[in-house]
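Everything below concerns the one structure shown next.
The values are calculated or read from the model by the stated rules, or taken from the named source; none is laboratory data. The structure displayed is predicted, hence computed values, not measured ones. Cβ placement follows ideal geometry from the backbone for every residue including glycine, while neighbour counts extend to all protein chains displayed.
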């Protein structure tokens, strides 16, 4: 119990530090939201000199207040879950934008990460079990795919599978022409169809790491004495592989998996840009482009929470599944 | 299924295996090929798709007063009284009004509104709605983006009178052409017009909202539209794409019918696709902005007018167009109006066009005369100061980056060194506004009307500038101050007699052509691509009946109501 409280306390401090950085970092960016909005308006049509005053009033950008006061207001509002109003999407609230974009990102990147993990660990287990097999020789290929810059791999796959062969749609989260969001088969099918290619690129580019890690742990576990004992007892090989070797070998991968789940939200920017996917990454890009402090803060908050949450989870879970890491009590 | 499916089906093997159920349902529907119809009572159900530059998630906002309103709100859903065509020198086209008249001292504007117009909910449109709209703007500073100071009154059902506090001839285009009129019977009950998102907009425009999602929205034909037989197409869909590559891909795949982007290798792309065409309507003058006033805190050789003049003479615009403009750019005017459209406003015919090629001799002579002498490395010096200038642009603006590189080579010939830097958009906007630059590349943008007053007022009036360090609010960012120009502007402002105005502009043009605080390069191309498979009648190079760019408010409505389904 004390262990858990200690952990929680630590995470609380980390969370506060992240919130503080979160507040000051966007404000170090050059420019201010009003100028950017005016410049963008000017691209669409004429903007009169008087427009600035109106936009300042509209956005309520109170740049007069000292930073420390703004910081206090920011912390206070966080407790009431009021993340403010977005500038880029005015008058939509930041919470609305997050609610609209987060499901897409978690759906796509989350599912892709899980698939990649399961696939990688399973293949790694088999490769470690039968060293020197064709599967084992596949590992260098997958790690090579991982070392190719992700955006490049994604663009190539998009060009070949989407452009040349017409197998997959080129952009978007679902077929906007023929379906509308809702719990109907058409829409869900369309989401799966449109998500397949982006998910595929994520799996291809990340499966190698899981596979390599699992394979190596498997090899070192297999040389342990208890495996020899198990074999001597005459257990079935499949049982030895899964419940004796893999169960122990998978431990480091589980920790890595929890952390990569935390980065699901943060790691989606490139994917979403390449595939025009309507998730949180493209919202973040938009926010940075418009100096939209509130939206940036809101999105960073979600990212911080997910990373810290995943870490906390793995900390607590780990002490449960691997008693050796438990602190001496 | 609500919409018809005339789009090419793209069912992949993998997907088909993955979703056999769904695929079956979809392809069963696709078999119809555009036969079903739910709107126009037997007419062809043509649906076109527009990409207007929207990226990421789309936030619902059809409030015509809002600065972040979705772009079709202005022109497609709500209409102004008149429409000012930035693509030609025609007089404004009447939309919701039929005529207007000023009193002699420019304080009273009488507008005759169109009879027989109906809001999309069936209520009649009257002059009361016009008066209501302008009073609402006047009373709400948050919405008053045009500096309107007038009270409005409807004297009868078709006459609205705006009374201004002072001489306001120059408010004309922003009142008549830049304000969407809203229905009083709806907006009088709206509690907060500032944050209202108006999800179910009632307007007079040719289209109304049918369906909205955060990824795409659909407009449908307004059956009550006042102009007989228009619009001819039934539905317009707006989509969001994140990158220019995605947009190009969508155009080629036939998923987008109308978009405006600069596509490298455009001619080649179009040659392979019969259904695609494009139009080029240059309207924005790419210019070198110079931080020109030493008095206001600008530092560097560009504060010397001779240096600016030498740059003006020393660049080879023909070569720049070939290298950076893709050959699509048009010739600019040193008076910063568009020569093709606004030739009538140029007082001295000498100043109509910029030189096409570099005038190296002339540039060298200007610099010699001003005391800049050649140094050992070929770069000129004066009192120990090297003629070396930083020039900024936005990283990612590939044509501007090429411009900078080409100009640095060209200007080396006359002994000027350019040092290009590419920075983020936000930093660049900020630097431009606070004067933290020597030279920077920017476009002289669109104005409320084609009268040069608006450009001259915005970019040259010393009242619209600030000392370096304070934001010039996207106005006179070159920090140009010239009492003669200010004086001429105030005379031009007080009249609507174009002959008097032209005379004043002549004075301004003489000053700015000599001082050159904004050095014009060329009028940048504005390329718009169309797919003619579903709809025809788009603006062409021969008949640019509207500025066809998809991001241009107001003109969109004109284009969308004039295109017709392809036979």
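Would you point out the residue of region A:88-141, among those that are within 14 Å of chain B (Cβ to nearest Cβ) and surrounded by fewer than 18 Cβ atoms within 10 Å (Cβ to Cβ), that is farthest from residue A:215 (Cα to Cα)?
Applying the filter and picking the extreme gives A:95.
How many residues does region B:509-525 contain that are within 24 Å of residue B:54 (Cα to Cα) and surrounded by 24 or more Cβ atoms within 10 Å (Cβ to Cβ)?
Residues meeting the conditions: 1.
Would you mind listing the helices (runs of 4 or more DSSP H) fully within region A:1-75 where at least 2 residues are at pLDDT 80 or above, more than 7 Å from every other protein chain (Cβ to nearest Cβ) and buried (at least 17 other Cβ atoms within 10 Å of the Cβ)?
Once the helices (runs of 4 or more DSSP H) in region A:1-75 are filtered for at least 2 residues that are at pLDDT 80 or above, more than 7 Å from every other protein chain (Cβ to nearest Cβ) and buried (at least 17 other Cβ atoms within 10 Å of the Cβ), what remains is A:2-27.
Working carefully through the options A:317, A:228, A:235, find the one that is over 13 Å from the mean Cα position of the chain (by Cα), at pLDDT below 85 and more than 18 Å from residue A:112 (Cβ to Cβ).
Details: A:228 fails: at pLDDT below 85; A:235 fails: at pLDDT below 85.
Result of the check over A:317, A:228, A:235: A:317.
Identify all residues within region B:553-567 that are more than 15 Å from the chain's Cα centre (by Cα), buried (at least 24 other Cβ atoms within 10 Å of the Cβ) and part of a loop (DSSP other than H, G, I, E, B); write none if there are none.
Across region B:553-567, the qualifying residue is only B:563.
Find the residue count for region B:341-383, including only residues that are in contact (Cβ under 8 Å) with a residue 40 or more places away in the chain, closer than 30 Å to residue B:500 by Cα and not in a loop (DSSP other than H, G, I, E, B).
5
When you go through B:314, B:254, B:325, B:249 one by one, which is the residue that is touching a helix residue (DSSP H, G or I) at 6+ places or on another chain (Cβ under 7 Å), within 14 Å of chain A (Cβ to nearest Cβ) and crowded, with 17+ Cβ neighbours inside 10 Å?
Testing whether each residue is touching a helix residue (DSSP H, G or I) at 6+ places or on another chain (Cβ under 7 Å), within 14 Å of chain A (Cβ to nearest Cβ) and crowded, with 17+ Cβ neighbours inside 10 Å leaves just B:249.
Can you go through B:389, B:403, B:411 and tell me which one is in a strand (DSSP E or B), more than 14 Å from chain A (Cβ to nearest Cβ), closer than 20 Å to residue B:320 by Cβ and touching a strand residue (DSSP E or B) at 6+ places or on another chain (Cβ under 7 Å)?
Values: B:403 fails: in a strand (DSSP E or B); B:411 fails: in a strand (DSSP E or B).
On inspection, the qualifying residue turns out to be B:389.
Among the residues of region B:312-342, count how many are more than 20 Å from the chain's Cα centre (by Cα) and under 24 Å from residue B:460 (Cβ atoms).
Within region B:312-342, the subset more than 20 Å from the chain's Cα centre (by Cα) is B:312-324, B:326-327, B:334.
Imposing the further condition that a residue be under 24 Å from residue B:460 (Cβ atoms) reduces the set to B:312-315, B:317, B:334.
Going through region B:312-342 one residue at a time, the tally reaches 6.
Determine whether residue A:177 is in contact with a helix residue (DSSP H, G or I) (Cβ under 7 Å, 6 or more places away or on another chain) and either within 9 Å of chain B (Cβ to nearest Cβ) or in a helix (DSSP H, G or I) (or both).
Numbers: in contact with a helix residue (DSSP H, G or I) (Cβ under 7 Å, 6 or more places away or on another chain): no; either within 9 Å of chain B (Cβ to nearest Cβ) or in a helix (DSSP H, G or I) (or both): yes.
So residue A:177 fails the test.
Somewhere in region B:70-80, is a residue surrounded by fewer than 22 Cβ atoms within 10 Å (Cβ to Cβ), at pLDDT below 95 and within 14 Å of chain A (Cβ to nearest Cβ)?
yes
Taking residue B:113 as meeting all but one of (1) out of contact with any helix residue (DSSP H, G or I) (no Cβ under 9 Å at 6 or more places or on another chain); (2) touching a residue at least 24 places away in the same chain (Cβ under 8 Å), write down the number of the exception.
Failing condition for residue B:113: (1).
Would you kindly identify the helices (runs of 4 or more DSSP H) lying entirely within region B:263-328 that contain at least 1 residues that are free of Cβ contacts under 8 Å to residues at least 24 places away in the same chain?
On the way: elements: B:266-271, B:305-314, B:317-323.
Where helices (runs of 4 or more DSSP H) fall fully within region B:263-328 and carry at least 1 residues being free of Cβ contacts under 8 Å to residues at least 24 places away in the same chain, they are B:266-271, B:317-323.
Test of understanding: among B:39, B:25, B:30, which residue is modelled with pLDDT under 50, touching a strand residue (DSSP E or B) at 6+ places or on another chain (Cβ under 8 Å) and not assigned by TED's automatic domain parsing to the domain that holds residue B:142?
B:39
Under 9 Å between Cβ atoms, at least 6 apart or on separate chains: pull out the pairs that start in region A:120-137 with a residue that is at positive phi and modelled with pLDDT of 90 or more and end on any residue that is surrounded by fewer than 19 Cβ atoms within 10 Å (Cβ to Cβ) and in a helix (DSSP H, G or I).
none
Based on this model, can you work out whether residue A:145 counts as farther than 27 Å from residue A:238 by Cβ and either at pLDDT 85 or above or over 20 Å from the mean Cα position of the chain (by Cα) (or both)? Don't jump to the end; show me each part of the working.
Values: farther than 27 Å from residue A:238 by Cβ: yes; either at pLDDT 85 or above or over 20 Å from the mean Cα position of the chain (by Cα) (or both): yes.
Yes.
Of (1) in the same structural domain as residue B:174 (by TED's automatic domain parsing); (2) touching a helix residue (DSSP H, G or I) at 6+ places or on another chain (Cβ under 6 Å), residue B:62 satisfies all except one. Which?
(1)
Every residue, every condition in (1) within 14 Å of chain A (Cβ to nearest Cβ); (2) within 23 Å of the chain's Cα centre (by Cα); (3) under 30 Å from residue B:211 (Cα atoms), yes or no:
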{"position": "B:90", "(1), (2), (3)": "no, yes, no"}
{"position": "B:94", "(1), (2), (3)": "no, yes, yes"}
{"position": "B:118", "(1), (2), (3)": "no, no, yes"}
{"position": "B:134", "(1), (2), (3)": "no, no, yes"}
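Go through region B:521-535 and report how many residues are over 18 Å from the mean Cα position of the chain (by Cα) and farther than 18 Å from residue B:265 by Cβ.
Residues in region B:521-535 being over 18 Å from the mean Cα position of the chain (by Cα) and farther than 18 Å from residue B:265 by Cβ: 5 in total.
Quick check, is residue A:82 more than 30 Å from residue A:242 (Cβ to Cβ) and within 14 Å of chain B (Cβ to nearest Cβ)?
When the stated conditions are applied, residue A:82 does not pass them.
Pairs needed: first member in region B:53-64, under 8 Å from residue B:198 (Cβ atoms); second member anywhere, surrounded by 21 or more Cβ atoms within 10 Å (Cβ to Cβ) and at pLDDT below 85; C-beta distance under 6 Å; at least 6 residues apart or different chains.
Every condition considered, the pairs that remain are B:61/B:68.
Take the residues of region B:212-231 that are in contact with a helix residue (DSSP H, G or I) (Cβ under 8 Å, 6 or more places away or on another chain) and part of a loop (DSSP other than H, G, I, E, B): which is nearest to residue B:59 (Cα to Cα)? Quick ask: steps written out before the conclusion?
The first filter runs over region B:212-231 and keeps only residues in contact with a helix residue (DSSP H, G or I) (Cβ under 8 Å, 6 or more places away or on another chain), leaving B:214, B:219, B:225, B:227, B:230-231.
If we keep only those that are part of a loop (DSSP other than H, G, I, E, B) as well, we get B:214, B:225, B:227, B:230-231.
Numbers: B:214: 6, B:225: 27, B:227: 31, B:230: 29, B:231: 26 Å.
Across region B:212-231, the extreme among qualifying residues is B:214.
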